[in-house]
Every structure is written in structure tokens, then in C-alpha cells.
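One structure is given here, and the rest of the page talks about it.
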Amino acid sequence: MRASRFFIATLKEAPSDAEIVSHKLMMRAGMIKRLGSGIYTYMPMGLRVIRKVEAIVRDEMNRAGAIELLMPVVQPAELWQETGRWQKYGAELMRVKDRHGRDFIIQPTSEEVVTDIARTELRSYRQLPVNFYHVQTKFRDERRPRFGLMRGREFTMKDAYSFDRDAAGLKQSYQVMYDAYVRIFNRFGLQFRPVAADNGAIGGSGSHEFHVIADTGEDAIVYCPDSDYAANMEAAEALAPPASTAAGVLALTKTPTPGKSTCADVAALLGLPLSQTVKSLVLTVEPEEGSTAGGKTGKSIWLLLLRGDHDLNEVKAAKVPGLANYRFSTEAEIIEHFGTRPGYLGPIGTVLPVNLIVDRSVAVMTDFVCGANEADFHYTGVNWGRDLPQPVVHDLRNVVAGDPSPDGKGVLAIQRGIEVGHVFQLGTRYSQDMKATFLDENGKPQLLQMGCYGIGITRILGAAIEQNFDERGIIWPSAIAPFEVVLCPMGYDRSETVKAETDRLYAALSEARIDVILDDRGERPGAMFADWELIGVPHRIVIGERGIKEGKLEYQGRRDAAATAVAIGDMAAFVQSRLAA
């Protein structure tokens, strides 16, 4: 490719609405152009990266035995109504009507459509296992689109769906996809980590997320440096600490804490560690339609207790029996049940009964501090068994660095990551709702066991940049760079010697099937170098008259601090060796 025949539109400054590094650099490098909120045109430079990402994904999916098809962007509501997701998916699901008033959705994912295919096409156990995949546009109506391609509304995703005879077959298909994902991300040239995850709105049982490691990542990844344990924050188990060997010794005392409504302020006032305090969180569960459980209003109020230095894990809370559809209580509900406003709440002496659930770490505390359900007062010296009955205990909190690893092989560490892939064992979550069955060896109908496997194709671009950039611009891994090598001739339009050597090297690299671009625009060296450093081409070769006279050309990798002189005749082989490395 010659730059004069390509479209290059770099900017010196990022638009004011670009928030994070990848968004700013992709806009400045002319890779994307904003059309509307969360909706972008992929410009030629950015599309080249997308196509390379897609090619690696397709290659490994095909290698793993998956079969490509293409499902529509617009899907009939009836399929989503069968699974209940028409109502449950929420506001992110873009619902539309056609001219006849029929309901459709713009797909965020394709479980319903592929299950409909399976129930009509997969009739016998002899057709199993099978795995269908496609690379398709998706749309999620984000409340607040931001961060460019990282959290846009329209995006491209590869989603695959496996169908098996039984749970054992599903586990095999899941492992095949997990292994394929590891190969895919290795080929991208990105530092990544697969982590155990919660299934969320997709449903099913086991799942893993694939995260690109980046300091700017919005997700917390929990891992053990001494073992293979890894999970996202929502799924990471906080083990129960050992029970105290000493019984409580302090008397229960109602202690004045004027104006101190946070655990940190109370601990500082009393001269105690924050870990000796207990925070109270109040949740409300509305009754299901037709239910009158929970009293006159039908609502049930729940009090969750966590140690003062810990944070609630909302996903774990939702898994407590009875709390699946909780919300945080209003101040009016809190005052009704506790007799005071938030900041002084506790489990002793509530006005109305509440359902008490405590975190594992709170269950083993002695002589702790909690709210007294009266403004400006807290109880000190609180103990289980004496002041409160033994509680119902659950894992409710986020883990913290230094917690013991659930596999018993060390302690946990936390790093930031960007989720770019997710694999699920769905089981019969969709086949049961949609009556997707096959006939087994005995001619009896059985539900299909399903797996689901997604990769955010366009999100890979943002994640790769968040992991690979410097003050000059993007640093693409060679496998997904828009071009692998750029030739920067000094005076291409003025020097026959430079032009001849540049054309010769360009032909040699092209013959070797290296993705090379020749910058023949006649730009000044400083402007030319700045463009390609911003765009992030990983390998640059400078051709100049002085170097040619000395029999040398200059090579510089995008991460290199200085250029390397290479003999003219050796340059093609040298570049190939760097690409192979």
C-alpha cells in the first residue's frame, strides 16, 4: 500500500468529548469518526485493524471445529418472549416496531435465534456436537455511552454457540472454546488473563471472562500469584476468617458518637481500628405479583452487616435466598424500620423486624461497634450469642489484596483489566424455554445442552491501545497493526536514489507477504514520523541518501529508544526476523 493512495487523517488534538486514552488516540489517528452517541464510523485505518482481529478469530474458531453462519441483526420479539428476556433484559434492549406494528429487537446477542435454528435443524444425537458462530453487528442501548469503542452502543462481536447431548459433552465443548480463546489472545500479542466469572443476565452455570490487562481497566481482576486461581471481583470468594479464640470481654455500652455517621469517623473517635466496626446496609425486596408476603405492604426489609473496612459485593448479595431482586431501601423505609436515619443503624433494637444477614468476617467478630438506631449513638462491646442471636451467614463482600486464596495456595492480589471475551456453560437455560430437543439413541427427546462464547471484536481495539501506548501514540502488536511496517523515505519525490531503493525494498517486503505501507506523500520527516508513531505501526524503516551511500538503512521498532543501522541487503531478512520474534 502507498500512503498517497490510502486515506490518512490524523489530528494534533483529540476532540473534547474523548475521555480515555484509547478514545483519544483512535480519534487522533483517524481510525474512528463519531456519528452519534456511542455510534462510530470505522475509518479505513481502524477497519484494517478490525479485519485483522476478525481474521485471527475466524482462523482459530474454524480450527476448533466451529461452523460460521450469519444471523440477522433484527430479530422478532416472539423468540425473546419465549425465554422471558423481552421483559428481563431491561432498557439496554432496543425494541422497535415494523410498519405493521409487530415487535422486533435490534440484537445485543443471539441465543434465542440460534436456539430456534437448533430446535428445527438438530433432530438426532448423530448431529451432535455442533458449534455455530458468526461475526455480526450488535446494539445495546447504553444509558451513558462513553469511552469510544469501549462502551459504545453499536459494536461488532463474535458469538458462538455449542450444542451437545449431555453435560459431559458441554464441558468438552466449553474446554475446546476456552483453549481456542487462549490461542486467539496469544496471537493478538496482548497480555491477558482468563478469570472465573458470574453468568449475569446470560444465565447458565460456569463461565470465564477474558481480560486484557491494563492499568486503566474498569474491572478488578483477582488472582493468586502462587497458583492458577483467578476470578473477577464479582465471583471471587472471600473465605471465612478463623473464629476468634477469645470470647468478648467488653460490656455492651451505648456510646455517644455525636456527628459521627461513618464507620471511619466512629473508629477515629473511639481510637479503634476500622476493622472493629460494622456497617449496616438496608435492602428492600418488593413482593412478586399476587404475593402478600412480608407484612401489610408486602415488602421485606433486609439488614446486611459488613466489617467497616469491607465493601458490599452486589452480585453476591443477589445470590442470598430471597434477595434476587433487591434494591437499596429508601430513607423513609429505613426510618420506619429502624427509627433513625442512615448513619446510626444496627441490628439491636429495630422498630420493626428485619431479615438479618451477616458477612463471614462479621460472624467471627467480638466486642465490635455498630449503630444504636439512635442519632449520635453507637453500641460498643457487641457480641454474638450474648447481645444478638447467632446470625445467618453468607459471603457478602469484595475480596481485598492479601486475603487468602480460595484454593489454599497463597494470598490474593488485584489488578485492573478490560473484559473482551466471555465463555458460558448455559446448560438448558434456553433449550428448556424454547423446547429445543433432539432424539437420543433410544429415540427419546432430550434437551440440548448449550454453551455460549463471545469476543468483542471492536472492543479489542480499545483494550489493545489501553495496554499499549506512550506519549507519542499507539503501539500496536504486529499481528493486529493496521500495517506491520512503514517505509519512510527522505525525499522520495526529489531523489532518484532514494526512490529506487525505497521501491526495491517495498517490492521485496511485499513479495515476502509483509503488510507494508510506503509513505510517498512528500511530508517533512518530523511530520511523517509523528503520523506513524501516532498511528502505531510497530516497525519503521528510514531510507535516506546518506545512509544509502554508506550501505545502511535505519530500522526502529515502535518501542525502541533509538534506531538501528542495518545493511541494505540485510534489511528484508532483518525485518522478517523482528516480525517473527
Query raised in the report: residue 115: of a type in the set (Val, Ile, Thr), closer than 17 Å to residue 158 by Cα and assigned to a strand (DSSP E or B), yes or no?
Result: no
**Report entry** Residue that is modelled with the lowest pLDDT, among those in the range 187-200 that are in contact with a strand residue (DSSP E or B) (Cβ under 8 Å, 6 or more places away or on another chain) and outside any strand (DSSP E or B)
**Finding:** 199
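Take the conditions assigned to a strand (DSSP E or B), closer than 22 Å to residue 40 by Cα, free of Cβ contacts under 8 Å to residues at least 40 places away in the same chain and out of contact with any Cys (no Cβ under 7 Å at 6 or more places or on another chain) and apply them to residue 95. Does it pass? Working first, answer last.
Numbers: assigned to a strand (DSSP E or B): yes; closer than 22 Å to residue 40 by Cα: yes; free of Cβ contacts under 8 Å to residues at least 40 places away in the same chain: yes; out of contact with any Cys (no Cβ under 7 Å at 6 or more places or on another chain): yes.
The answer is yes for residue 95.
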Query raised in the report: Do we have any residue at all in the range 399-410 that's at pLDDT 95 or above, assigned to a strand (DSSP E or B) and hydrophobic (A, V, I, L, M, F, W, C)?
Result: no
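For the range 323-346, which residues satisfy the criterion of being within 28 Å of the chain's Cα centre (by Cα) and of a type outside the set (A, V, I, L, M)?
Quick first cut of the range 323-346, residues within 28 Å of the chain's Cα centre (by Cα) only: 323-328.
The answer is 325, 326, 327, 328.
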Requested in this report: Among the numbered conditions (1) loosely packed, with under 13 Cβ neighbours inside 10 Å; (2) in contact with an Asp or Glu (Cβ under 6 Å, 6 or more places away or on another chain); (3) farther than 15 Å from residue 375 by Cα, tell me where residue 258 comes up short.
Outcome: (3)
**Report entry** Unmet criterion (only one of (1) buried (at least 21 other Cβ atoms within 10 Å of the Cβ); (2) closer than 30 Å to residue 305 by Cα; (3) basic (Lys, Arg)) for residue 459
**Finding:** (2)
Report summary line: Within the range 505-521, residues without any contact (Cβ under 8 Å) to a residue 40 or more places away in the chain and under 20 Å from residue 564 (Cβ atoms) come out as 506
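Taking the stated definitions as given, is residue 426 farther than 19 Å from residue 184 by Cβ and over 25 Å from the mean Cα position of the chain (by Cα)? Don't jump to the end; show me each part of the working.
Values: farther than 19 Å from residue 184 by Cβ: yes; over 25 Å from the mean Cα position of the chain (by Cα): no.
No, not satisfied.
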Query raised in the report: Would you call residue 469 within 21 Å of the chain's Cα centre (by Cα), of a type in the set (Phe, Trp, Tyr) and under 30 Å from residue 235 (Cα atoms)?
Result: no
Requested in this report: Could you please find all residues in the range 548-561 being over 19 Å from residue 522 (Cβ atoms) and assigned to a helix (DSSP H, G or I)?
Outcome: 549
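Residues are listed down the side, and each one gets a yes or a no for (1) in contact with a strand residue (DSSP E or B) (Cβ under 6 Å, 6 or more places away or on another chain); (2) under 30 Å from residue 424 (Cα atoms):
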site: 8; (1), (2): no, no
site: 46; (1), (2): yes, yes
site: 75; (1), (2): yes, yes
site: 87; (1), (2): no, yes
site: 107; (1), (2): yes, yes
Query - Residue in the range 469-485 that is basic (Lys, Arg), under 30 Å from residue 358 (Cβ atoms) and surrounded by fewer than 18 Cβ atoms within 10 Å (Cβ to Cβ) present - result: no
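What do you reckon, is residue 429 out of contact with any Asp or Glu (no Cβ under 6 Å at 6 or more places or on another chain) and touching a residue at least 60 places away in the same chain (Cβ under 8 Å)? It would help to see each step written out before you state the result.
Values: out of contact with any Asp or Glu (no Cβ under 6 Å at 6 or more places or on another chain): yes; touching a residue at least 60 places away in the same chain (Cβ under 8 Å): yes.
It is true that residue 429 is out of contact with any Asp or Glu (no Cβ under 6 Å at 6 or more places or on another chain) and touching a residue at least 60 places away in the same chain (Cβ under 8 Å).
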Query raised in the report: Out of (1) modelled with pLDDT under 95; (2) surrounded by 21 or more Cβ atoms within 10 Å (Cβ to Cβ), what's the single condition that is false for residue 495?
Result: (2)
Query raised in the report: Which of the residues that make up the range 314-359 are in contact (Cβ under 8 Å) with a residue 24 or more places away in the chain, β-branched (Val, Ile, Thr) and either in contact with a Lys or Arg (Cβ under 6 Å, 6 or more places away or on another chain) or assigned to a loop (DSSP other than H, G, I, E, B) (or both)?
Result: 320, 330, 340, 348, 350, 354
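Quick one: which of 564, 497 is among the polar types (S, T, N, Q) and more than 44 Å from the chain's Cα centre (by Cα)? Explain how you work it out, then say what you get.
Numbers: 564 fails: more than 44 Å from the chain's Cα centre (by Cα).
Of the residues listed, the single one that is among the polar types (S, T, N, Q) and more than 44 Å from the chain's Cα centre (by Cα) is 497.
Could you tell me whether the range 522-535 includes any residue that is touching a Leu at 6+ places or on another chain (Cβ under 8 Å), more than 30 Å from residue 19 (Cα to Cα), in contact (Cβ under 8 Å) with a residue 12 or more places away in the chain and surrounded by 15 or more Cβ atoms within 10 Å (Cβ to Cβ)? Steps first, please.
Quick first cut of the range 522-535, residues touching a Leu at 6+ places or on another chain (Cβ under 8 Å) only: 534.
Keeping just the survivors that are more than 30 Å from residue 19 (Cα to Cα) gives none.
There is no residue in the range 522-535 that is touching a Leu at 6+ places or on another chain (Cβ under 8 Å), more than 30 Å from residue 19 (Cα to Cα), in contact (Cβ under 8 Å) with a residue 12 or more places away in the chain and surrounded by 15 or more Cβ atoms within 10 Å (Cβ to Cβ).
Before we move on, is residue 578 closer than 21 Å to residue 468 by Cα, among the charged types (D, E, K, R) and assigned to a helix (DSSP H, G or I)? Give the steps one after another, and end with the answer.
Values: closer than 21 Å to residue 468 by Cα: yes; among the charged types (D, E, K, R): yes; assigned to a helix (DSSP H, G or I): yes.
Spelling it out, residue 578 is indeed closer than 21 Å to residue 468 by Cα, among the charged types (D, E, K, R) and assigned to a helix (DSSP H, G or I).
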Query raised in the report: Looking at the range 207-231, which of the residues that are of a type in the set (Gly, Ala, Ser) and assigned to a loop (DSSP other than H, G, I, E, B) is surrounded by the fewest Cβ atoms within 10 Å (Cβ to Cβ)?
Result: 227
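Test residue 268 against the criterion of being over 18 Å from the mean Cα position of the chain (by Cα), loosely packed, with under 14 Cβ neighbours inside 10 Å and free of Cβ contacts under 8 Å to residues at least 12 places away in the same chain, and give yes or no. Give the steps one after another, and end with the answer.
Values: over 18 Å from the mean Cα position of the chain (by Cα): yes; loosely packed, with under 14 Cβ neighbours inside 10 Å: yes; free of Cβ contacts under 8 Å to residues at least 12 places away in the same chain: yes.
Answer is yes for this residue.
The values are calculated or read from the model by the stated rules, or taken from the named source; none is laboratory data. Since we're looking at a predicted model, the values are computed, not measured. Ideal geometry is used to build each Cβ from the backbone, glycine not excepted, and the neighbour counts take in all protein chains shown.
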